[in-house]
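Since the structure comes first, as structure tokens, the remarks are kept for the end.
Only the coordinates and a few stated rules stand behind these numbers; no lab work does. Everything numeric here is computed off the predicted structure, so don't read it as measured data. Note that we place each Cβ from the backbone using ideal geometry, even for glycine, and neighbour counts take in every protein chain shown.
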2 protein chains.
Amino acid sequence: MNKIAVIGLGLIGGSLALELKKSTWATVYGMDKNLEHLNKALELGIIYESIDFDRIHEMDVVIIAVPVNIIPELSLKVMDLIGEKTLVFDVGSTKAAVCDALRKHPKRKNFVALHPIAGTEFSGPDAAIYDLFTDKVNIICEKELSSIEMIERVESIFEGLKMKNVFMDSAVQHDIHIAYVSHLSHISSFMLGKTVLEIEKDEKNIFNMAGSGFASTVRLAKSNPETWTPIFMQNRDNLLKSLEEYIKNLIEFKDILTRKSADDVLNIMENTNRIKNVLAGIKQE
Amino acid sequence: MNKIAVIGLGLIGGSLALELKKSTWATVYGMDKNLEHLNKALELGIIYESIDFDRIHEMDVVIIAVPVNIIPELSLKVMDLIGEKTLVFDVGSTKAAVCDALRKHPKRKNFVALHPIAGTEFSGPDAAIYDLFTDKVNIICEKELSSIEMIERVESIFEGLKMKNVFMDSAVQHDIHIAYVSHLSHISSFMLGKTVLEIEKDEKNIFNMAGSGFASTVRLAKSNPETWTPIFMQNRDNLLKSLEEYIKNLIEFKDILTRKSADDVLNIMENTNRIKNVLAGIKQE
């Protein structure tokens, strides 16, 4: 690989550019319609040069790292411009829409639908960091629609980032599961932040009394609304279902508390404690 | 100070014992009705010796670090046994009940109602660690009911642990605020864990797809149900109010999402982003 283009130089695109510059011999080019981000990425040395769509055909790899509402259309545009051997992938947090958009594209084999599950609550090229992806998981969907060569290149790129590649048959299944284990967490965190800000008009009180537990639970409420609004809108149906179940559980807990049933409160927490086993394998921030 | 007794040698009591052994010249004695915990604390050197109530009168300081449902009665028992100059404080996460119980006690001046806001999701003497309290806040309530000397001793003890002492007039106010910034977080986290465990029958999927954001949001669901059930039951009325507001906000968000109003989704998140300012001052785990 000699030339990589990263379109969208925010937290994820910027961090990928940094890592790929380090772990491959490729020259990393960049595009971003936000000129401030583009200039910042040049200034920070995240990319070597800024390019436009007229140079997409030269690239060995094109990475699409823009908000998910823009991904389907932009991916189609990129796929129309690439060379025979160009690998294209996007890194969006939803996969069904982009897979749908590209399903019938004559170069669909050049595209790999993937989702590196990594991030922080920060955004923009300033937030780009090394090691964001280390020891995390990269989900690859619908691998049978990509050529074996493209899958192998993707595997090698993400192994180079010290990620574990995991295959899922269906992009639709990806979106259902990710609604629960990522998107719902963001909503629970944002709404917790909102609730506490509303009651604690005097923010000094929160500052004084909030411990590390609160900080941890509400951390995702610092996330970028520009990134997350399109994700929520695109994965709306799955998210609504997970949100309904979450609300149902909260109402059930409220009812138990209203009834003063200490045994039920204890049981419900004891049964949930087994989340420990699940979390044991996840690298914490 | 020469002799300190810590009653309840779990995460908080054990960590306090460790720190006080290091930061004072006192001998630290311990009590725990759980003999396994007591032996573990002796074995780990957290306490010097195990004692019983018959030696409470010898102590310069008695620290009560048991579950909050036991604190009022146990505090009364301890207060009846102490010497003229003994300082007594509890470290429970609720303050109204213990303050109520002791309000009329002839030695009320010897007692200080406080809450060192620190903890982890682990429990028992094995979880006791150094530096748990460093850079965190210690809330002191109803200081006018304690003698100036006792308040000064408490200030000095917690400054020795590198904590910031903050005074609140009312124990009732403490409990209202802590419901929002601590207790509610635990419920939101437990219910999020429950929701995800219910849907993800195959726990492998959670393991693969859950990122550090989920881990952070659900961290408190690892907390000890034996500690938290009494806290929830004791602070029930405040917690129910905060829980109602949280559920109301979640339902509002669900409605906005149902209506596909991307602008409202964006606005609600942008307005909540200012939680950043609040969190900036909190030491993260």
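Among the GluC sites (Glu not before Pro) in the stretch B:54-122, which ones are in a DSSP loop with at most 14 other Cβ atoms within 10 Å of the Cβ? Mind listing them?
B:GLU84
Sorted from greatest to least, the principal axis extents spanned by the alpha carbons of the protein assembly as shown come out as 88, 45, 40 Å. Averaged over the residues of peptide A:197-205, the number of Cβ atoms from other protein chains lying within 10 Å of each residue's Cβ is 5. Within 10 Å of the Cβ of each residue in B:220-233, the mean number of Cβ atoms contributed by other protein chains is 5.
Have a look at the DSSP beta bridges in chain B and tell me what percent are antiparallel, nearest 5. Don't skip to the answer; put the middle values down first.
Details: 5 of 28 bridges.
Beta bridges within chain B, antiparallel portion: roughly 20 percent.
Highest mobility in the GNM of chain A, judged by mean-square fluctuation with C-alpha springs under 10 Å and restricted to A:ILE71, A:ILE206, A:ILE47, is found for A:ILE206. Couplings 3J(HN,Hα) for the stretch A:139-145, derived from phi with the Karplus relation 6.51 cos²θ - 1.76 cosθ + 1.60 (θ = phi - 60°), are 8, 10, 10, 6, 5, 5, 8 Hz, where x marks Gly and Pro.
When you count the other C-beta atoms within 10 angstrom of each residue and take the mean per peptide, B:91-99, A:140-148 line up highest first as B:91-99, A:140-148.
Highest GNM mean-square fluctuation, chain A, Cα pairs closer than 10 Å: which of A:LYS85, A:LYS104, A:LYS21? Of A:LYS85, A:LYS104, A:LYS21, the Gaussian network model singles out A:LYS104 as fluctuating most.
For the stretch A:3-169, the share of DSSP beta bridges that are antiparallel, to the nearest 5, is 20%. Here the Karplus curve 6.51 cos²θ - 1.76 cosθ + 1.60, taken at θ = phi - 60°, turns the phi angles of the stretch B:130-135 into couplings of 6, 6, 4, 9, 3, 6 Hz, with x standing for Gly and Pro. Averaged over peptide A:112-119, the number of partner chain Cβ atoms lying within 10 Å of each residue's Cβ comes to 2.
Between B:THR258, B:THR27, B:THR229, the residue with the greatest mean-square fluctuation in the GNM of chain B (Cα pairs under 10 Å linked by springs) is B:THR258. Taking a span of 20 Å or more along the helix axis (Cα atoms) and a mean Kyte-Doolittle hydropathy of at least 0.0 as the rule, the DSSP H helices of chain A that qualify are A:184-199. Here A:ASP255 yields copy-to-copy label distances, from shortest upward, of 2.2 nm, the label point defined as 7 Å from Cα along Cα to C-beta.
Here's the list of lysines a cross-link from B:LYS40 could span, going by alpha-carbon distance under 24 Å and ignoring same-chain residues fewer than 8 apart: A:LYS276, B:LYS3, B:LYS21, B:LYS22, B:LYS222.
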